Amino acid sequence: MGDERLGGLLGGSDPSRSSGYENPSSRMGFFTDTSVCIGCKACEVACKEWNHVPEDGLVFSGMSYDNTRGLGADTWRHVAFIEQKVARPPSADGNRSGVRWLMSSDVCKHCTHAACLDVCPTGALFRTEFGTVVVQEDICNGCGYCIPACPYGVIDQRKGDGRAWKCTLCYDRLGEGQKPACAQACPTESIQFGPLEELRNRAGARVAQLHDAGVAEARLYGEDPSDGVGGDGAFFLLLDEPEVYGLPPDPVVTTRDLPRMYRRAAAAAGVLLAAVAGAVVWGR
Amino acid sequence: MSDVTRTGIQQASPAGEAVGAGRPGPRAFRRQASRHGGETPVVGEAEFRSYYGLPIINKPVWRAGNIAGYLFLGGLAGASSVVAAGAQATGRPALARAAKVGSTAAIGLSGAALVHDLGRPARALNMLRVLKPTSPMSLGSWLLAGFSSCSVAASTSAVTGRWPKLGKAGTIGAATLGSGVATYTAALISNTAVPVWHEGYRDMPFTFAASAASAAAGWGMLSAPIQETSSMRRLGIAAGLAELGASEVMKRRMGIAAEAYRESPQARRYEQAARVATGVGIAIAATAGRRSRTASVAAGAALLTGSAMMRFAIFEAGMASAENPRYTVVPQRRRLAQRAQSEG
C-alpha cells in the first residue's frame, strides 16, 4: 500500500536500492525502547563527544530534568522527561495519586522517504549504503530548505557555522562495523542498534511482552512501512501518545504532495500568461 | 497537588484528557499563554497534548527581508517579463522597455537576497551542482539561471538599442520562463511541513500568480506613460482583486492553520496593509489613473506595496504556524481519527 499511496516522486520501500546502490548492506537503524530508559543522558553525552558536536547553551528550562529541550543542529540525541500524575493503589494514608516519569531518547528518524533529502538542492544530503541519511558538510551551503521540510523537527542550522547538521547514525563507526556511540553508551539497552528487519521483529515481541504484563499503553511509533514517511529507520516503543514526547502523531513526507503542487503551479503560470495576454490585447 | 511545566508550577485540575482518551492518569498539557506572552487564548482552541508546549517542527531559518522579499521580487520580475513580451507584441515600446528593465532589476535584487540568506554564501553555486525534481529549490535555481540570462539580454537590447535579435529571443525566453518564476515559489514554500504553507498548497500558486501580476501591472503604471498603460490598469484591477480573493480562498481551505494569521501580530499587520494598499491601488487605477500620470504612479506604487505586504503576511503566518505545536498536532490527530473511523 505504502508506495502506491505515496506515489509520484517518491522512491521504493528499500531506500538504498532506490538511491542506486546495487548491493547495499542491510538497512541499519535504531529501536529505542523507552520503557527501559532511565534518563541518564549517556546517549546525549556519547553523541556529543564522538561527533564533536558543540555546546548549545546552558539554560534552565524548567521542564523536569530536560534542559536540552529538543533536537537541533547541536543536539542529535535528546532525552525527554515527562512527569505525569497517575492513579495508584491507595497507600496507608489513603493517597491514591502518584507520579510516573516517562523518559525517551529522541533521534533523527532516518525516514524511508526523507523530506530533508528530497528537498536538498545541492545534493549535500545523501542516502548511505546503510539506508541512513547524512549531510555532507563540505557541500551544504546552508540554504535551510531541509529544516522546515522535516516533519519531526530534527535538522537545523548551526549558528555561526551556517550549515545544516543532524545525526549521521555514526556513519563513520558503521563503516568500521561498530555501533553508533549512543547505542554503545546506553546502559539499559533502551537504544538498540541493528538491521531494521531484526529490530522490527524484536520490537513486536517486546510490545507483546509488555501487553501481557499489563502495560496496555505500550505502542510502537514509526515502525510501520505504510505510514506517511514509509517507516522510520529509527523507531520507538512509547508509553503514551507521540505528541506527549514532542513527536508528530501522523507525520507525512511533504514530497507526497509535490506532484500536485507542481501541477497547480503550472496551471497558475498558464493563467498568468493568459491574463497578461488578455489585458494587452483587449481594447486594442 | 501540582504539575511542573514550562510556565511554572501549576495547580492540578480534574483530568482533562486530550484526544485519544481512555487512559486514567496522564493529563493533557495545555498551552497556557501564547508565545508572545499575551494572556488571550486563541479562539476555539481545541485541546491537544504536547511536550511542554514546544513546537514539533523546527521553524525556517529564512529571514523575512530576504525570503519574503524574494517572493515579491521574483514575482515582480517574472510577471514583468510576461508584460514586456505582451507590450512589445502590441506596440507599446515604452511599457515594454520599462517592464524589461524592471524585470532585470528585480531579478538582480532577488539573486542578492537569496545569496545573502545562505548560511554559506560563498557556496551559492552549489545550487547548480545537481538537478533534482524532488526539490523545487533545485528546479528553481536552474529556472532562475535561465530566466535571468534572458531578462538581461532583453533589457540590455532594449536600453542600448543594439542586438535586436538577441533582445527578441531574450524577451520571448524571459516571458516563457517568467511565468514559472512567478509561481514555482509557491510550490517551494508549500513543499515543507510548515502548516500554513503546506495546507495552502492548492491555492498558493494562484495567490502568487495574481500577486505577481498585480505587482507587474503596478510597475508598468509607475514607470510608463499613461498612453501605453491602459492594459496595465485593467491587469492591475483584475489581478489585485484576484490576489485578495485567492488569498482568502487559500485561508478558508487550509483548516485551523489559518488561525496563525490572527495569532501572529506581524502577519495580521501585513495582511491589513496588503488589503488597504491593493484596495487603494485598484480604486485609483479604476478612476483617476486613466487621466493623470501622478494618479497612475500612485496606483502603481500602491499595487506594488500590496503585493509585497501579501508575501510578508504569508511568510509570517507560516512562521507563526511552525512555532505552535497545535497546528501540527491537531490536524494530524483528526486525520488519524478519520482513518480509524473509516477503517473500523
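Please treat every number below as a calculation from the coordinates, not as lab data. The model shown is predicted, which means the values in this text are computed figures rather than measured ones. Reconstructed Cβ throughout: ideal geometry from the backbone, glycine too, with neighbour counts over all protein chains shown.
Annotations for the structure displayed:
- You can think of it this way: the chain between residue A:100 and residue A:126 has 5.3 nm of extra reach, that is 0.36 nm per residue less the Cα-Cα gap.
- Shielding of B:246-252 by partner chains, average beta-carbon count, 10 Å: 0
- Reachable lysines from residue B:100, criterion Cα separation under 29 angstrom, eight or more residues apart if same chain: B:165, B:168
- Theoretical FRET efficiency, 1/(1+(r/R0)^6), r = Cβ-Cβ of residue B:272 and residue A:55, R0 45 Å, to 0.05: 0.60
- Rounded to the nearest 20 debye, dipole of the protein assembly as shown from Cβ charges on Lys, Arg, Asp, Glu: 2820
- Under 24 Å from the Cα of residue B:251 - lysines, other chains or at least 8 residues apart: B:59
- Lys/Arg +1, Asp/Glu -1 at C-beta; chain A dipole; positive extreme among A:211, A:11, A:54: A:11
- In region B:64-328 the Cα-Cα distances spread across 10 Å bins starting at 0 as 8, 31, 34, 21, 5, 0 percent of all pairs.
- Near the amide H of residue A:136, within less than 5 Å, lie the amide hydrogens of A:125, A:126, all on another chain or at least 5 residues away, with H placed in the peptide plane.
- Chain B: angle of helix B:293-323 to the longest principal axis, Cα-based, in degrees nearest 10: 30
- Neighbourhood charge, 15 Å Cβ-Cβ cut-off, centred on residue A:136 and excluding it, Lys, Arg +1 and Asp, Glu -1: +3
- Net charge of Cβ neighbours under 12 Å - reference residue A:27; Lys, Arg +1; Asp, Glu -1: -2
- Tilt relative to chain B, helix B:230-253 - C-alpha long axis, 0 to 90 degrees, to 10: 10
- For region A:2-257, the spread of Cα positions along each principal axis, largest first, Å: 65, 42, 37
- Considering only A:14, A:93, A:257, the Gaussian network model of chain A with Cα springs below 10 Å gives its largest mean-square fluctuation to A:93.
- Of the residues B:79, B:153, B:257, the one whose Cα sits farthest towards the positive end of the charge dipole of region B:64-328 is B:153 (charges of +1 on Lys and Arg Cβ, -1 on Asp and Glu Cβ, taken about the Cα centre).
- Ranking of B:125, A:237 by count of other Cβ atoms within 10 Å, fewest first: B:125, A:237
- For residue B:162 and residue B:125, a Förster radius of 22 Å and the Cβ-Cβ distance give a FRET efficiency of 0.15, rounded to the nearest 0.05.
- Hull shadow area, averaged, the protein assembly as shown [alpha-carbon convex hull, nm²]: 30.3
- Among A:63, A:103, A:261, the residue with the largest mean-square fluctuation in a Gaussian network model of chain A, with springs joining Cα atoms closer than 10 Å, is A:261.
- Chain B: relative contact order in percent, alpha carbon pairs under 8 Å with at least 6 residues between: 19
- Whole-Hz couplings from phi, Karplus 6.51/-1.76/1.60, listed for region B:198-207; x for Gly and Pro: 5, 6, x, 5, 5, 9, 4, x, 6, 4
- Residues B:256, A:147, ranked from the fewest to the most other C-beta atoms within 10 Å, line up as B:256, A:147.
- Near residue A:72: Cβ cut-off under 9 Å, other residues only, Lys/Arg at +1 and Asp/Glu at -1. The net charge is 0.
- Inter-part distance, region B:253-295 to region A:211-284, computed on C-alpha centroids, equals 30 Å.
- Between B:229, B:144, B:186, the Cα set farthest toward the positive side of the dipole of region B:119-245 (charges on each charged residue's Cβ, about the Cα centre) is that of B:144.
- Chain A, relative contact order in percent, only Cα pairs under 8 angstrom and at least six apart counted: 25
- Inter-chain Cβ neighbour average for residues B:221-233, partner chain, 10 Å: 1
- Neighbour-count order for A:52, A:78, fewest beta carbons within 10 angstrom listed first: A:52, A:78
- Residues of chain B were split at every exposed loop site, defined as GluC sites (Glu not before Pro) in a DSSP loop with at most 16 other C-beta atoms within 10 angstrom, and the longest piece left, sites excluded, is B:48-344.
- Sites residue A:38 and residue A:87, calculated FRET efficiency, Cβ-Cβ separation with R0 22 Å, nearest 0.05: 0.40
- Within a Gaussian network of chain A (alpha carbon springs, distance under 10 Å), most fluctuating of A:73, A:87, A:203: A:87
- Principal-axis tilt of helix A:196-212 within chain A, Cα atoms, nearest 10 degrees: 50
- Karplus-based coupling profile of region B:115-125, in residue order and whole Hz: 5, 4, 7, 5, x, 10, x, 5, 9, 4, 5, with θ = phi - 60° in 6.51 cos²θ - 1.76 cosθ + 1.60 and x standing for Gly or Pro.
- Listed by chain and number, the lysines whose C-alpha is less than 18 Å from the C-alpha of residue A:41, apart from same-chain residues fewer than 8 away, are A:166, A:179.
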